[in-house]
Amino acid sequence: MTKSANLGFPRIGAHRELKKALEAYWKGASDKAALLSTAAELRARHWAVQRAAGIDIIPSNDFSLYDHMLDTAQALGAIPPRFAAIADPLDQYFAMARGTADAPAMEMTKWFDTNYHYLVPEFHAGQRFRLSTSKAIDEFREALRLGISTRPVLVGPVTFLTLGKPKDDGLEPLSLLDAVLPVYAELLAALKAEGAEWVQIDEPILALDLSDAQRQALRHAYTALATPGAPRVMLATYFEGLLDNTELAVALPVAGLHIDLVRAPQQLAPVLKALSLDKTLSIGVIDGRNIWRADLDARLEFVARAWDSVGPDRLEIAPSCSLLHSPVDLDGETLLDPELKSWLAFARQKLEEVVTLTTAMQRGKTAAKPAFEASAAAVASHRASPRIHRAEVKSRSASVAPSDHERGLPFSQRRNLQRARFNLPAYPTTTIGSFPQTAEVREHRAAFKRGDIDAATYDAFLRAETEKAVRIQEHLDIDVLVHGEFERNDMVEYFGEQLDGFAFTRNGWVQSYGSRCVKPPVIYGDISRPTPMTVAWSAYAASLTDRPMKGMLTGPVTILQWSFVRVDQPRSETCRQIALAIRDEVVDLEKAGIGIIQIDEPALREGLPLRRGDWEAYLRWAVDCFRLSAAGVADDTQIHTHMCYAEFNDIMPAIAEMDADVISIETSRSDMELISAFRDFRYPNEIGPGVWDIHSPRVPSRADMESLLRKASEAIPPDQLWVNPDCGLKTRGWPEVEAALAHLVETAKSLRHR
Ligand SMILES: Nc1nc2c(c(=O)[nH]1)N[C@@H](CNc1ccc(C(=O)N[C@@H](CCC(=O)N[C@@H](CCC(=O)N[C@@H](CCC(=O)O)C(=O)O)C(=O)O)C(=O)O)cc1)CN2
Ligand SMILES: [Zn+2]
């Protein structure tokens, strides 16, 4: 019979219980037993939620204390040598994630095109692997004790190796496949021995453009793992279609295949055609990446097409991908407008949708009548709603002219005007925008939102924090100051709260990395900016000092990328509406006397389509939207942008086309690897390669920073270089910030003297 399945449940907890438990543990405010007991409670609760929703196939080992790639690395014994001596496994695990005084953390980067970050495995020539943790087995047993026989989830060997980085010259990670496969075989056998009939193995790289070596590795790996004693394998792909990898995927000797039919509905027909009769097909028909309620009538027709072809016994109905990327439960949204709320579904509601579709396939649509009626009512209310479309927004967007994307003069001439205006020293120093969001800052905001303090009190507090930050920067002798972003909860949510066409949730948290979460705003309608959003704060901060004060905005592509986006029009159109709103803000900042304005685009790379064939079209509109937001100012106004935590090497020409006067970019965790791309490409404008990895509590020394800057100046002419951290400092504490920034300024000064 057709079954309902889930590929992964959010781990952080509806009330971010895991975040709180982790941070208490790291601070020394709780112990290991307390942390592990919260983790176990969350797993038990999430299994129970899935069972209550009626899900037949429930995953285990989808839980993680920090990151599932890090779990995999530790389970396989892929421990970077600098952490090998740490005896306690949990200490070792967090050391790899967060770094220690003498060992920098593992590198962190984006998981495909999501805002989730994983830790990048490190590989050495001749590396050995061995089964080093029993996490997958323990969690299977734990669920079994609660009466649930789960389908454990593993990251597949080829995805694991492909996403890792060789640390030795000439090492090809896939050459380690034969070393790692026996460990997978051992783990699969152990799971089978515990009673696991099926295991879900995620190979999301099957949705990417693959080399012959990768294809060969996939064939080799799954042939080797297909032993008689192994559990059956549901091979999961997601985030894109299989396309040219369809033949490869269906031919792998596994028992089942999961495909993402939300991102790539057109792949259903070719997969049905190619799939052999002995394989189970799991169809991902409920969007695991967005929060819109599904149109269940339309989905059911789609499911029926699969059912007609594979029959009832080899079909599973599932979300498109793990629900890691969804908030947990819409029921927590007690303040959301009821009409809007009726259009949404979070993880729990998505599982109910999966079950509704499954029930309809098993017993007919009438068996799930109320759910179909509610879905149809939501679809109708969404279609008819007057709050979505705004004629003046659409017509402004339609009348954007090519010249609206152009600054007046080319960079080579703007640069002279800006040099004359700001008169900055060589190697100018600056920071990326935010200063520590201390518990005190967060508590004041929470108190203000609860109504415990009034607006005047909150405002006075924020002004005092801002002034403190300005004085500290002056004292440190930084050249271009920032106001510190104390008034912001998040760099995207803050703007979403002030723009028309956006809604925001109370509790719609999604894990970004480790204990850090975001609450993406919901874009439901045409976007406009009713009033200036940041001018008062920037103008106030500028009034406190004689030094240049940088205005601080989030760019259109990043606001788009880090929101839940409407699906009734192309992303490019939504992005252009945001760009026009940001453009107005940029012009207003300039009018208020702010001469340097940073428009952050950390998510520009993340939005890049997973298939190269789609890159050009995306980069065209994404770069144009950035340019549209920036180009309304005079030539002596200096536009900065900022990017972090992604691989930028392959989009250098597009970054240059953004034509920001200055870009600050994350580089230090990868040891300035990126800089070679700037050299090879001869990046034309000014650039600040980050010299301090701010995602780790470790304070870099002057020598660390000098060595990074020396590497940078080998690749980039010194008169193009700025000196700055990798990213904003909101997650750090003041003592680390002051110490590291003092080193940073000293380093810049010593370079100037040479
Ligand atoms: N959207 C987004 N994506 C991003 C980044 C980013 O900054 N924003 N940065 C990159 C790295 N990712 C990051 C993601 C989140 C955080 C981060 O610091 N998140 C904060 C939450 C930010 C926030 O929304 N804060 C709110 C709510 C704070 C809060 O938890 N308040 C307490 C009450 C206050 C208290 O007593 O502490 C509560 O609600 O329970 C606020 O400040 O107002 C966290 O997890 O701690 C950092 C980096 C890439 N992706
Ligand atoms: Zn950043």
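The values are calculated or read from the model by the stated rules, or taken from the named source; none is laboratory data. The shown structure was predicted, so the numbers you read here are calculated from the model rather than taken from an experiment. Virtual Cβ from ideal backbone geometry, glycine too; neighbours counted across all protein chains shown. Ligands, DNA and RNA are stripped out before the accessible areas are found, and what is left, the full protein with its side chains, is counted by its heavy atoms. Shrake-Rupley method; radii C 1.70, N 1.55, O 1.52, S 1.80 Å.
Starting from the Cα of residue 135, draw a straight line to each of the aspartates and glutamates and keep only those under 14 Å, dropping any in the same chain fewer than 8 residues away.
62, 67, 71, 186, 194
What residues qualify as long-range amide H neighbours of residue 663, i.e. H under 5 Å apart, gap of 5 or more or another chain, H built at 1.01 Å from N?
Here 641, 686, 687, 688 satisfy the definition.
What percentages, rounded to whole numbers, describe P(r) for segment 524-603 computed over all alpha carbon pairs with 5 Å bin width beginning at zero?
Going from the shortest bin to the longest, the percentages are 3, 15, 25, 21, 16, 10, 6, 3, 1, 0.
Which of the residue pairs 711/749; 279/369; 19/350; 519/550; 468/730; 19/730 have a Cα-Cα distance greater than 20 Å in the structure shown? Show your work: numbers first, answer last.
Working: 711/749 17 Å; 279/369 31 Å; 19/350 23 Å; 519/550 26 Å; 468/730 15 Å; 19/730 16 Å.
Too far apart for the 20 Å limit: 279/369; 19/350; 519/550.
Can you give the Rg and Dmax of segment 342-459 based on its C-alpha atoms, in angstrom?
When restricted to the Cα atoms of segment 342-459, Rg and Dmax are 27.0, 76 Å.
Would you work out the charge dipole size for segment 446-520 about its Cα centre, treating the Cβ of every Lys and Arg as +1 and the Cβ of every Asp and Glu as -1, and quote it to the nearest 20 debye?
On the way: 9 positive and 14 negative charges, 84 e Å.
So the magnitude is around 400 debye.
For segment 124-136, in order, what is each residue's ³J(HN,Hα) by Karplus, 6.51 cos²θ - 1.76 cosθ + 1.60 with θ = phi - 60°, in whole Hz (x at glycine and Pro)?
For segment 124-136, the Karplus curve yields 10, 4, x, 4, 9, 10, 8, 4, 10, 9, 10, 3, 4 Hz.
From the residues 26, 325, 715, which one has its Cα farthest along the dipole of the chain in the positive direction, the dipole being from +1 and -1 charges on Cβ of Lys/Arg and Asp/Glu about the Cα centre?
Towards the positive end, the residue furthest out is 325.
From the mean inverse distance of alpha carbon pairs (Kirkwood) and the Cα radius of gyration, derive Rg over Rh for the chain. Spell out each step's value before the answer.
Values: Rg = 25.9 Å, Rh = 27.1 Å.
Radius of gyration relative to Kirkwood radius: 0.96.
Karplus couplings for segment 69-83 from phi (6.51 cos²θ - 1.76 cosθ + 1.60, θ = phi - 60°), rounded to Hz, Gly and Pro as x?
Karplus values, whole Hz, x for Gly and Pro: 6, 5, 4, 5, 4, 5, 4, 8, x, 8, 9, x, x, 5, 10.
Determine the calculated [θ] at 222 nm for the chain from helices alone, applying -39500 (n - 2.57) to every DSSP H run no shorter than 4 residues and normalising by the residue count; nearest 500 deg cm²/dmol.
-13500 deg cm²/dmol
For the chain, with every protein chain kept in place, what is the accessible area per residue (1.4 Å probe, Å²)?
Values: 27580 Å² over 754 residues.
Counting only protein heavy atoms, the per-residue value for the chain is 37 Å².
To test your reading of the geometry: what angle, between 0 and 90 degrees and rounded to tens, separates the Cα axis of helix 411-422 from the longest principal axis of the chain?
Tilt relative to the chain: about 60 degrees.
Provide Rg over Rh for segment 409-752; use the alpha carbon set for both Rg and the Kirkwood Rh (inverse mean inverse pair distance).
Values: Rg = 19.0 Å, Rh = 20.3 Å.
The Rg/Rh ratio comes out at 0.94.
For segment 409-752, which whole-number percentage of the solvent-accessible area (1.4 Å probe, protein heavy atoms only) is attributable to carbon and sulfur atoms?
On the way: 5800 of 11440 Å².
Carbon and sulfur: 51 percent of the exposed surface of segment 409-752.
When Rg is the radius of gyration of the Cα atoms in segment 74-224 and Rh is its Kirkwood radius, what does Rg/Rh come to?
On the way: Rg = 16.1 Å, Rh = 16.7 Å.
Over the Cα atoms of segment 74-224, Rg/Rh equals 0.96.
What residues have an amide H closer than 5 Å to that of residue 658, excluding those fewer than 5 places away on the same chain, when H is modeled at 1.01 Å from N in the peptide plane?
Long-range HN contacts for residue 658: none found.
Once both axes come from the Cα atoms, what is the angle between helix 296-310 and the longest principal axis of the chain, in degrees from 0 to 90, rounded to 10?
Helix 296-310 sits roughly 50 degrees off the main axis of the chain.
Do any of 27/165; 167/192; 110/394; 20/192; 20/110 go past 26 Å between their Cα atoms, and which? The partial results should precede the final answer.
Working: 27/165 31 Å; 167/192 34 Å; 110/394 33 Å; 20/192 35 Å; 20/110 23 Å.
In this structure, 27/165; 167/192; 110/394; 20/192 exceed 26 Å between Cα atoms.
Using a/c under 1.5 as the rounded threshold, could you call segment 39-118 rounded, prolate or oblate? The axes a ≥ b ≥ c are square roots of the C-alpha gyration tensor eigenvalues, and prolate needs a/b larger than b/c, oblate otherwise. List each step's numbers first, then the result.
Values: a/c = 2.81, a/b = 1.93, b/c = 1.45.
Because a/c hits 1.5 or more and a/b exceeds b/c, segment 39-118 counts as prolate.
List, in order, the whole-Hz ³J(HN,Hα) value for each residue of segment 152-160 obtained from phi through the Karplus relation with A = 6.51, B = -1.76, C = 1.60 and θ = phi - 60°; use x for Gly and Pro.
Rounded to whole hertz, the list is x, 10, 10, 6, x, x, 6, 5, 4.
To the nearest 10 degrees, how steep is helix 439-450 against the longest Cα principal axis of the chain, on a 0 to 90 scale?
70 degrees
Which far-off residues, 5 or more places away or on another chain, put their amide H under 5 Å from the one on residue 8, with H placed in the peptide plane?
So residue 8 has HN proximity to 323.
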